[in-house]
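Read through the structure below, which is laid out as structure tokens, and then see the notes.
Only the coordinates and a few stated rules stand behind these numbers; no lab work does. All of these numbers come straight from a predicted model, not from anything done at the bench. No Cβ is skipped: glycine too gets one built from the backbone with ideal geometry, and neighbour counts run over all protein chains shown.
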Amino acid sequence: MSETSSNEARRLAEGARNRVRFEEDALALADQVYRVARGVSRSKEEAEDLMQETYARAFRSWQSFTPGTNLRAWLLRILTNLNIDRGRRAQRTPDSQPLEEGDYFLYNRIEAATGETEEERVLDRLSQDHVAEALAEVPHDFRDVVVLVDIGDFSYAEAAQILDIPIGTVMSRLHRGRRILKKEMADLAVEAR
Amino acid sequence: MSEVDLCDWCEEVLQPYLDRDLSATDAATVRGHLAACNWCEKRYKFEGDLRRLVKTSVTEPMEPALKAKLANLRLEL
């Protein structure tokens, strides 16, 4: 074998090894990526579709990933971009901003509706199903940030990198998103009685 | 600030306080108020409990069938 062709063979083998390593690393993160997918999706089926689209795209464009950088953030950037494309299609009135209330609103509303005065009893009026249902009502710009930071445990800086927005925007969307979430939860918790 | 104004102010800084984004001076003012105001203290405790509820709301694990589908999306060598 000439020197050129053996170098070529070595280069190909090296590329294949890198790709397999990339694929294995990406699949090992699937459970963590799924938590975010499920958080930003309205249903399990939607989350599963989103996961498949995300991984199909990741495997196709593996060469654009820089080894040694944050693969979890890279995967979630693909996922949130795909989800934004869908969200924009589904959103009927993009201009209408949801009403948000102050941070005590949820507590005040449950207390007023139930007459409960103990914190534990007020909390008992809420369930994980309420959270999931309320999250689905939060517009995706806000929901993505809340899911990444409050469910996915990402820092502001990581969320900013994933969503390609400034850190200040992450913080303002997080604060507003949490308030919108609580307002949606108040409607569910008080209606459900 | 009057006590009622302090309650309003504490509602306003609830999130940065729990996120530890508040200055040391402001955080001390919050702690001082919470020690004296049961009304705000309950609402702060509730917010912490609510955050734990939100964090654990997505608990359903990924279906093994989905995991297999993802693995199958790998490109052929």
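Put in order of Cβ neighbour count within 10 Å, fewest first, the listed residues A:GLU133, A:GLU8 become A:GLU8, A:GLU133. Report, to the nearest 10°, how far helix A:71-90 tilts away from the longest principal axis of the Cα atoms in chain A, using its own Cα long axis and a range of 0 to 90°. The two axes meet at around 60 degrees.
Rounded to the nearest 500, the helix-only mean residue ellipticity at 222 nm of the protein assembly as shown stands at -23000 deg cm²/dmol, with each DSSP H run of n ≥ 4 adding -39,500 (n - 2.57). The C-alpha atoms of chain A define a longest principal axis, and helix A:167-191 lies at about 50 degrees to it. Peptide B:43-55 has a mean of 6 when you count, residue by residue, the C-beta atoms of other protein chains within 10 Å of its C-beta. Residue by residue along B:8-15, Cβ atoms of other protein chains within 10 Å of the local Cβ number 3 on average.
Diffusion of chain B by Stokes-Einstein, at 37 °C in a medium of 0.692 mPa s and with Rh set to the Kirkwood radius over alpha-carbon pairs, works out to 210 µm²/s. If contacts are Cα pairs under 8 angstrom and at least 6 residues apart, what is the relative contact order of the range A:3-90 in percent? That works out to 30 percent. Using C-alpha pairs below 8 Å separated by at least 6 residues, the relative contact order for chain A is 26 percent. Helix B:24-36 and the longest principal axis of the C-alpha atoms of chain B enclose an angle of approximately 70°.
Here the translational diffusion coefficient of the range A:3-90 follows from Stokes-Einstein with Rh set to the Kirkwood radius across Cα pairs; for 20 °C and 1.002 mPa s it amounts to 150 µm²/s. Mean per-residue shielding of peptide B:25-35 is 0, counting Cβ atoms of other chains within 10 Å of each Cβ.
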